[in-house]
1. Within segment 33-45, is there a residue that is over 13 Å from the mean Cα position of the chain (by Cα), part of a helix (DSSP H, G or I) and not assigned by TED's automatic domain parsing to the domain that holds LYS196?
2. Do we find that GLN192 is in contact (Cβ under 8 Å) with a residue 60 or more places away in the chain and not assigned by TED's automatic domain parsing to the domain that holds ILE28 in this structure?
3. Write out, first by first residue and then by second, each pair whose Cβ atoms fall under 7 Å of each other, whose residues are 6+ apart or on separate chains, and whose first residue, in segment 20-41, is on the phi > 0 side of the Ramachandran plot while the second is surrounded by 14 or more Cβ atoms within 10 Å (Cβ to Cβ).
4. Among ASN255, ASN264, which is surrounded by 13 or more Cβ atoms within 10 Å (Cβ to Cβ) and either in contact with a Gly (Cβ under 7 Å, 6 or more places away or on another chain) or within 22 Å of SER26 (Cβ to Cβ) (or both)?
5. Any residue at all in segment 113-129 that is in contact with a His (Cβ under 8 Å, 6 or more places away or on another chain), within 29 Å of PHE254 (Cα to Cα) and buried (at least 17 other Cβ atoms within 10 Å of the Cβ)?
6. So which of GLY25, GLY101, GLY73 ends up being out of contact with any strand residue (DSSP E or B) (no Cβ under 8 Å at 6 or more places or on another chain), surrounded by 22 or more Cβ atoms within 10 Å (Cβ to Cβ) and closer than 24 Å to LEU128 by Cα?
7. Tell me which strands (runs of 3 or more DSSP E) are completely within segment 197-278 and hold 3 or more residues being of a type in the set (A, V, I, L, M) and within 23 Å of the chain's Cα centre (by Cα), or say none if there are none.
Amino acid sequence: MANIVVLTTLYSKNDTIFLEKNSHGSIIMGAKLSGAKIRLFEENDTNNLEKLIKNDKSKNKLIVTCGVFSMSGKITNLPDIVKLAKRYNCMTMLDDAHAFGVIGENGLGTVEYHNLKSSDIDIHVGTLSKSLSGSGGYICAKKEIIKYLRITSLPYILSASISPVIIAGVTKSLEIIKQNGQKLSNSLIEKQRFFKKELLKNNIQAIGDSAIVVIPIGDTEKTLKISKFLHQNRIYANGIIPPGVRRGQERIRFNITLTHSFDNLKYTIDIIKKGFKL
C-alpha cells in the first residue's frame, strides 16, 4: 500500500516511471494505477536505463528500484542509478523491504551497503513486516512530500492507523538493530553464504546476495513437486510459478533467518538434494 500511495498520488498520465524489471508487484500495480507512462529497464542494466531516459520527453520522471529483489535476492546497482538520476533530473524511489535489517555494515539497508547518503534517494519505502517483525509499511521523504501525501492520498486517508502494539514492537526492533545491527547482519550473511556455497558444491544452482536464496528450476511441474517434497519434510520454502514469475523462470525461494542454525541449513540442503532426485 505504501508503494501505491507514492505512485498514484505523485504521478499521473503526463509523467514517466522507470521500473527496474522484477520489481515488486506492489510497485508495478502502483505504476499502472497512476496512469503514468511505464518504461521497464533490465535488472542492474543502467546503460539500458540511460537510453530510455534520453528518449523520454516527460517533464516529471521517476526511477524506481528495489534494494534487494524479492524473486532473486540480488542487490540493485544503486550508485549508478543515483548518478543517472542527478544527471537527467529524475526523482528516485527505493523499496528497501528486503534489505533493511539485512544488508549494510550495520544492517541499515541498501543505502548503507553502497556507502551512499539517505538524501541521495528522494523517496524511501519499506515494510514493517520483515526484519522489524511488525505489520504495515513506511514512506520516508522530505517534509514537503510527506505533507502532500498526508493530505491528498486517498489510500492513506482511508486506511486505519497502525495498532499501538505493533508500533511498540517495531520500535523495540529498531532499537535492537541500532545496538546490534552489525553483529546480527554479519551473522545472517554468514549463514546465507554457507547455504548458497553448500548448494553450489552439490551442483545445485543458487543465486542471491542477501538473506534470500533462489534455486532456479524453469519448469512448473518440477517446481511444485520439489516444493511439496520440502513441505513434507518440514521445510517451508515457496515454489514460485506463473504468474509470480514468467514461464520458464520457475524457482524455489528460501529465506535465511538468524534463528536458523547451521544444522538446520545442513538438513535443508540434504532434503533439497533428495528432492532433485525425484
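1. Keep residues of segment 33-45 that are over 13 Å from the mean Cα position of the chain (by Cα), which gives 33-42, 44-45.
In the following step, the residues that additionally are part of a helix (DSSP H, G or I) were identified as 33-34.
Still in the list and also not assigned by TED's automatic domain parsing to the domain that holds LYS196: 33-34.
Yes: one or more hits.
2. Details: in contact (Cβ under 8 Å) with a residue 60 or more places away in the chain: yes; not assigned by TED's automatic domain parsing to the domain that holds ILE28: yes.
Considered against the rule, which asks whether it is in contact (Cβ under 8 Å) with a residue 60 or more places away in the chain and not assigned by TED's automatic domain parsing to the domain that holds ILE28, GLN192 comes out as yes.
3. ASN22/GLU43; ASN22/PHE69; ASN22/MET71; ASN22/SER72
4. Details: ASN264 fails: either in contact with a Gly (Cβ under 7 Å, 6 or more places away or on another chain) or within 22 Å of SER26 (Cβ to Cβ) (or both).
That would be ASN255, the only listed residue that is surrounded by 13 or more Cβ atoms within 10 Å (Cβ to Cβ) and either in contact with a Gly (Cβ under 7 Å, 6 or more places away or on another chain) or within 22 Å of SER26 (Cβ to Cβ) (or both).
5. The answer is no, given that none of the residues of segment 113-129 is in contact with a His (Cβ under 8 Å, 6 or more places away or on another chain), within 29 Å of PHE254 (Cα to Cα) and buried (at least 17 other Cβ atoms within 10 Å of the Cβ).
6. GLY101
7. Hits in segment 197-278: 212-216.
The values are calculated or read from the model by the stated rules, or taken from the named source; none is laboratory data. Just so it is clear, the structure is predicted and the values come from calculations on it, not from any experiment. When we count neighbours, we look across all protein chains shown, and the Cβ atoms used for this are built from the backbone with ideal geometry, even at glycine.
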